[in-house]
Amino acid sequence: MTTPSKTRRRPAILAAVCGISLLSGCSLTPLYERPAAPIPASYPVTAGSLDTRPAAQPAPQPASGDEAASTIRSTAWCTQFPDPVLRRLIAAALEHNRDLKLAAARVEEARALHGTQSASRLPTVTLEGTTTHPAKKNESAHQAGFTLSAYELDFFGKAESLSDAALHEYLATEQAQRAARIGVVAEVVRSYVQERAAESRVALARRTIALRTAAVALLTRRVAAGASSLLELEQARSLVGSADIDLIEQQLVHARAGHALALLTGYSDAEATKDAPPFTAPAFGAGWGVTRAGLPSELLMARPDIVAAEQRLQAANAQIGAARAAFFPSVRLTAMGGVASGELNNLFTPGSGALQFVPQVSLPIFDGGRNRANLDLAQARESLAVIEYERAIQTAFREVSDALDGQALLDREVAARRAMHEVEARRRTMTMNRYLAGAVGYLEVLDAERSLFAADQALLDARRARLENAAALYRALGGCPSTSG
């Protein structure tokens, strides 16, 4: 209904509208409670492994928004890998990796969706002007003013719940981006280790070929002198041939590892590992990547996938509030305050003020069970989110436990493999000396050669496994650990 009004009446009307708006905000969202973590209070200690875990400490409390943001920034970069070449590759991957760019774009998308949902809680006010010319009457109606279009008062917190759900989805997307960063760092480390190990195996194959070729030359001279047989010479040539085949295989592995590293970092194969230390250098020593894990409860804040799962759980919880609010009446306001006149030249003259105020109340009576089904759906999705949250915690606990045991046991394996290599090297030297002295046949030399080569390869593999485990521990702990060993 449109009626003339005095200018002095407008503040009272606007105050009434504001007062009604302040009545909104009653939320039907269930009180959120974090589910109990379905994991033990400490990590298991495998028999024979080293317990590197600190003494029990009080479980950390959830961080505030500013503290959480600071934590994300501090864990976005890790210094536990001392190799400057590796740090350069990590920086390049964080800058150029397409998966990270995609994750960042999804964060921007989620931020925009949250902004859109938050804006729906505020009224939309527009400046409008209309002119009406009836077809049968020679009359015109002109109107201009500010319009409030179908603003729904959030008496039962529906808009607030939807805004909260969008906020938690946005925060979950941010954590997914952080997880992507951690994953890229871990993958660069793993690929770098594999490339360096493959390069060392290529070098080992070449050294082996050189040694066995020298042995063939020695046996050729001995055959000419009648000191060795042609069978022994052919056996030595067979060893050279097997080393040639192994070299080809290792070159293929090395090339593929270089391609994978180049894809991650954006460098060419040659530039990626320029100035990189050899795999046997002290830079890849026993202290590389060793860390302490803290307590399992710290994973609840450190692991981005766990944080993201909890944010999605909170979003599902908020959706229940929105589904509950659909059972209650909704109140929408449409209002216009301005001027109106039958003649355009009198539109802004005194006494032309007009106010249009149209409240609309909608009460759901029969919807075929749609609201009940939507509530059941929201509750089912919350149950799924709880299960996914608990599964994320259990997965993280298993991954950290595996990596912690690997950290200690693989160090011991490297030491054992190194000792075995030294034994086999001495055995090979003594066997060759005994062969040259005529005390043993060449078959024993062949056996010693094969054992030494296998020991060399096993030592390289153990070193690679230990360093790959360090990358796995970095990922499992959710980035940089709180303490370093």
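The values are calculated or read from the model by the stated rules, or taken from the named source; none is laboratory data. Here the structure is a predicted model, which is why all the values come from computation and not from measurement. Don't worry about glycine lacking a Cβ; one is built from the backbone with ideal geometry, like all the others, and counts go over all protein chains shown. What goes into the accessible areas is simple: the full protein's heavy atoms, side chains included, and nothing from ligands, DNA or RNA. Shrake-Rupley method; radii C 1.70, N 1.55, O 1.52, S 1.80 Å.
Here are the numbers for this structure:
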item: Criterion: assigned to a helix (DSSP H, G or I) and over 25 Å from Val193 (Cβ atoms) - qualifying residue of Ala458, Ala448; result: Ala448
item: Residue within the range 207-216 that is assigned to a helix (DSSP H, G or I), within 30 Å of Ala465 (Cβ to Cβ) and of a type in the set (Val, Ile, Thr) present; result: yes
item: Answer residue from the range 230-249, given it is in contact with a helix residue (DSSP H, G or I) (Cβ under 7 Å, 6 or more places away or on another chain) and open to solvent by 30 Å² or more (accessible area, probe 1.4 Å) and is farthest from Tyr192 (Cα to Cα) among those; result: Leu230
item: Yes/no for Phe327 being open to solvent by 30 Å² or more (accessible area, probe 1.4 Å), at pLDDT 75 or above, of a type in the set (A, V, I, L, M, F, W, C) and in a loop (DSSP other than H, G, I, E, B); result: yes
item: Only one of Phe155, Phe146 that is surrounded by fewer than 23 Cβ atoms within 10 Å (Cβ to Cβ), in contact with a Cys (Cβ under 7 Å, 6 or more places away or on another chain) and modelled with pLDDT under 85; result: Phe155
item: Sole exception among (1) at pLDDT below 85; (2) open to solvent by less than 40 Å² (accessible area, probe 1.4 Å) for Val307, by number; result: (1)
item: Single residue of Leu252, Leu313 found to be surrounded by 22 or more Cβ atoms within 10 Å (Cβ to Cβ) and either of a type outside the set (Val, Ile, Thr) or at pLDDT below 90 (or both); result: Leu313
item: The range 98-109 residues that are under 22 Å from Leu167 (Cβ atoms), paired with ones that are open to solvent by less than 100 Å² (accessible area, probe 1.4 Å) and of a type in the set (Lys, Arg) (beta carbon under 9 Å, 6 or more apart); result: Ala103/Arg178; Ala103/Arg181
item: Condition met for Leu239 (at negative phi, in a helix (DSSP H, G or I), among the hydrophobic types (A, V, I, L, M, F, W, C) and more than 27 Å from the chain's Cα centre (by Cα)); result: yes
item: In the range 424-456, residue modelled with the lowest pLDDT [restricted to those that are open to solvent by less than 20 Å² (accessible area, probe 1.4 Å) and small (Gly, Ala, Ser)]; result: Ala448
item: Test: Leu295 is at pLDDT below 75 and under 42 Å from the mean Cα position of the chain (by Cα); result: yes
item: Output for the range 252-273, where each listed residue is free of Cβ contacts under 8 Å to residues at least 24 places away in the same chain and of a type in the set (Gly, Ala, Ser); result: Ala255, Ala262, Ser268, Ala270
item: Filter pass, Ala210 being surrounded by fewer than 16 Cβ atoms within 10 Å (Cβ to Cβ), over 14 Å from Glu449 (Cα atoms) and not aromatic (Phe, Trp, Tyr); result: no
item: Evaluation of Leu409 against (1) under 28 Å from Ala197 (Cα atoms); (2) open to solvent by less than 20 Å² (accessible area, probe 1.4 Å) (one fails), failing number; result: (2)
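Yes/no per residue for (1) free of Cβ contacts under 8 Å to residues at least 12 places away in the same chain; (2) closer than 30 Å to Gln319 by Cα:
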site	(1), (2)
Phe155	no, yes
Gln175	no, yes
Gly183	no, no
Thr208	no, no
Ala225	yes, no
Leu230	yes, no
Gly241	yes, no
Gln250	no, no
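Every residue, every condition in (1) closer than 23 Å to Gln175 by Cα; (2) part of a helix (DSSP H, G or I); (3) open to solvent by 70 Å² or more (accessible area, probe 1.4 Å); (4) not basic (Lys, Arg), yes or no:
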site: Pro359; (1), (2), (3), (4): no, no, yes, yes
site: Ile365; (1), (2), (3), (4): no, no, yes, yes
site: Asn371; (1), (2), (3), (4): no, yes, no, yes
site: Leu377; (1), (2), (3), (4): no, yes, yes, yes
site: Leu384; (1), (2), (3), (4): yes, yes, yes, yes
site: Tyr389; (1), (2), (3), (4): yes, yes, no, yes
site: Ala392; (1), (2), (3), (4): yes, yes, no, yes
site: Arg398; (1), (2), (3), (4): yes, yes, yes, no
